[in-house]
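J.: The structure under discussion is supplied below as structure tokens; questions concerning it will follow.
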Amino acid sequence: MSAKTGRRLLLVFLCLLAAAGFFLSLLTGPVRTSPSDLWQLVSGRASGVETTIFLDLRLSRAVLAFLVGAALALSGAILQGYFQNPMADPFVIGVSSGASLGAVLALALGIRVAFPGFSAQGFMAFASGLGIVSLVYLLSLRKGAFKIETLLLTGIAAGSLASALTSFLLFMRSDSFDQAVFWLLGSFQLADWKQVAAVAPWFAVCLAASLWLAKDMNLLAMGDESALALGCPVGRVRKAFLVLASLLAALAVSVSGIIGFVGLVVPHWIRLLIGPDHRRLFPYATLAGGTFLLYSDLIARTILPSELPIGVITAAVGAPFFLYLLHQKR
């Protein structure tokens, strides 16, 4: 079987898997429903209560889970190419830790001002995540330029500091701990169409820009000097990819909290299957990441009588797979 045929089969498989995930999500919930109830909705004969359950509660949650998974996987794929390191993910530049700090800070200060599509905590998470990355970039500059290694180490240090401040806030305001778990372990319990409408346009823009610049990422993989010789504006392209990866991760965290391993494992898995060409890696990782988180949310809702934080599921699935990769690459 040729590589092209294999990629096509993988694309069909991922699409079918995603469609099945949406179907199962519509049928899964505290209220028992059946495929016949769903058919009543499709045929326009469902009651108002069933319509609310299927569309406003379950479908919005499934769509948001897919968007968040796709955003995290695409962010991870960008950063792994950016740093030329398969261990990179949104945590290494501090955006996830910074976003959680903003959310917990909003809870500790009692900020309740909402923004279109975002709660107060969501907006603070989004703003602080981007703020941390901006600070990391500025601290990494040396005489108008920066080294990738400096950016990476600065991001890790800033992320650790943000995590420490988050822990301090939780210690000082233990009454807000229960709400903070939403941001520290991830959940889609508060999903609605307003959040979907707030995230989807930004995600679409970031995806389109990433696909447009994918060829330049392939050139960066050859080294900055070679990329410059081939006509790639390395400085501008690196800034653009850093902004795209940060924006995607901040968007995801702002509506779901911190969900680990999606941006780390999914792009790595796709790269093993289809190769390192970012023109294919970006869209395939996006689809696989959305599908992975869609099923993770299903498991989080059904494995126990009470709903688990989705970060527990992604860690339980992602960590063993990551250890397997490390063992295979040793």
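J.: Looking at segment 217-232 only, could you name the residues that are touching a residue at least 12 places away in the same chain (Cβ under 8 Å) and not in a helix (DSSP H, G or I)? Spell out the reasoning first.
T.: Residues of segment 217-232 that are touching a residue at least 12 places away in the same chain (Cβ under 8 Å), as a first pass: 217-221, 232.
Once the filter is applied, which keeps residues that are touching a residue at least 12 places away in the same chain (Cβ under 8 Å) and not in a helix (DSSP H, G or I), segment 217-232 yields A221, C232.
J.: Could you tell me how many of the residues in segment 120-141 are more than 19 Å from L247 (Cβ to Cβ) and either modelled with pLDDT under 75 or in a helix (DSSP H, G or I) (or both)? Show your work before the answer.
T.: Filtering segment 120-141 down to residues more than 19 Å from L247 (Cβ to Cβ) leaves 120, 139, 141.
Adding the requirement that they be either modelled with pLDDT under 75 or in a helix (DSSP H, G or I) (or both) leaves 120, 139.
Counting residues in segment 120-141 that are more than 19 Å from L247 (Cβ to Cβ) and either modelled with pLDDT under 75 or in a helix (DSSP H, G or I) (or both) gives 2.
J.: Separate question: Please go through segment 188-211 and give me each residue that is surrounded by fewer than 21 Cβ atoms within 10 Å (Cβ to Cβ) and not in a helix (DSSP H, G or I), ordered by number.
T.: Within segment 188-211, Q189, L190, D192 meet the criteria.
J.: Among the candidates T33, T5, which residue alone is part of a helix (DSSP H, G or I) and not charged (D, E, K, R)?
T.: On the way: T33 fails: part of a helix (DSSP H, G or I).
Within the list T33, T5, the selection yields T5.
J.: Which one of the conditions (1) touching a Cys at 6+ places or on another chain (Cβ under 9 Å); (2) surrounded by 19 or more Cβ atoms within 10 Å (Cβ to Cβ) does V262 fail to meet, given that it meets all the rest?
T.: So the condition that V262 fails would be (1).
J.: Going through F13, F66 one at a time, which residue ends up being among the aromatic types (F, W, Y), in contact (Cβ under 8 Å) with a residue 12 or more places away in the chain, in a helix (DSSP H, G or I) and closer than 29 Å to L304 by Cα? Write out each step before concluding.
T.: On the way: F13 fails: in contact (Cβ under 8 Å) with a residue 12 or more places away in the chain.
So the residue among F13, F66 that is among the aromatic types (F, W, Y), in contact (Cβ under 8 Å) with a residue 12 or more places away in the chain, in a helix (DSSP H, G or I) and closer than 29 Å to L304 by Cα is F66.
J.: All but one of (1) in contact with a Phe, Trp or Tyr (Cβ under 9 Å, 6 or more places away or on another chain); (2) within 24 Å of A208 (Cα to Cα) hold for D56; state the number of the condition that does not hold.
T.: Condition not satisfied by D56: (2).
J.: Quick check on segment 279-287. Is at least one of its residues modelled with pLDDT of 95 or more, of a type in the set (G, A, S) and surrounded by 19 or more Cβ atoms within 10 Å (Cβ to Cβ)?
T.: Looking through segment 279-287, at least one residue is modelled with pLDDT of 95 or more, of a type in the set (G, A, S) and surrounded by 19 or more Cβ atoms within 10 Å (Cβ to Cβ).
J.: Restricting to segment 1-23, count the residues that are within 30 Å of the chain's Cα centre (by Cα) and surrounded by fewer than 14 Cβ atoms within 10 Å (Cβ to Cβ).
T.: Looking only at segment 1-23, we keep the residues that are within 30 Å of the chain's Cα centre (by Cα), and these are 3-23.
When the remaining residues are screened for being surrounded by fewer than 14 Cβ atoms within 10 Å (Cβ to Cβ), the result is 3-6, 8-9, 12-13, 15-16, 19-20, 23.
Here the count works out to 13.
J.: While we're here: Do you know which residues across segment 36-55 are surrounded by fewer than 16 Cβ atoms within 10 Å (Cβ to Cβ) and assigned to a helix (DSSP H, G or I)? If you could, list the steps in order and put the result at the bottom.
T.: Taking segment 36-55 as the starting set, the residues that turn out to be surrounded by fewer than 16 Cβ atoms within 10 Å (Cβ to Cβ) are 36, 39, 42-45, 47-49, 51-52, 55.
Once the filter is applied, which keeps residues that are surrounded by fewer than 16 Cβ atoms within 10 Å (Cβ to Cβ) and assigned to a helix (DSSP H, G or I), segment 36-55 yields S36, W39, V42, G48, V49, T51, T52, L55.
J.: Inside segment 212-246, can you point out the residues that are surrounded by fewer than 16 Cβ atoms within 10 Å (Cβ to Cβ), of a type in the set (A, V, I, L, M) and farther than 26 Å from L135 by Cα?
T.: M222, L228, A229, L230 - these are the residues of segment 212-246 that are surrounded by fewer than 16 Cβ atoms within 10 Å (Cβ to Cβ), of a type in the set (A, V, I, L, M) and farther than 26 Å from L135 by Cα.
J.: Tell me, yes or no, whether segment 142-164 has at least one residue that is surrounded by 15 or more Cβ atoms within 10 Å (Cβ to Cβ), at pLDDT below 90 and outside any helix (DSSP H, G or I).
T.: Yes, segment 142-164 contains a residue that is surrounded by 15 or more Cβ atoms within 10 Å (Cβ to Cβ), at pLDDT below 90 and outside any helix (DSSP H, G or I).
J.: Among the residues that make up segment 78-100, is at least one of them more than 30 Å from N218 (Cα to Cα) and in a helix (DSSP H, G or I)?
T.: Just the residues of segment 78-100 that are more than 30 Å from N218 (Cα to Cα), to begin with: 100.
Subset that is in a helix (DSSP H, G or I): 100.
Within segment 78-100 (the criterion being more than 30 Å from N218 (Cα to Cα) and in a helix (DSSP H, G or I)), the answer is yes, since at least one residue qualifies.
J.: With respect to the numbered conditions (1) modelled with pLDDT of 85 or more; (2) in contact with a helix residue (DSSP H, G or I) (Cβ under 7 Å, 6 or more places away or on another chain); (3) surrounded by fewer than 24 Cβ atoms within 10 Å (Cβ to Cβ); (4) under 21 Å from D297 (Cα atoms), which one is the sole condition not fulfilled by F83?
T.: Among (1) modelled with pLDDT of 85 or more; (2) in contact with a helix residue (DSSP H, G or I) (Cβ under 7 Å, 6 or more places away or on another chain); (3) surrounded by fewer than 24 Cβ atoms within 10 Å (Cβ to Cβ); (4) under 21 Å from D297 (Cα atoms), the lone unmet condition for F83 is (4).
J.: List pairs: first in segment 76-89 and β-branched (V, I, T), second not in a helix (DSSP H, G or I), Cβ under 6 Å, 6+ apart or cross-chain?
T.: Taking only residues 6 or more apart or on different chains, not a single pair turns up.
J.: Just to be sure, is A227 under 21 Å from F91 (Cα atoms) and at pLDDT below 85? Let's see the steps before the verdict.
T.: Working: under 21 Å from F91 (Cα atoms): no; at pLDDT below 85: yes.
Here the answer is no, as A227 does not meet what is asked.
The values are calculated or read from the model by the stated rules, or taken from the named source; none is laboratory data. Since the structure is predicted, the reported quantities are computational estimates derived from the model, not experimental observations. Ideal geometry is used to build each Cβ from the backbone, glycine not excepted, and the neighbour counts take in all protein chains shown.
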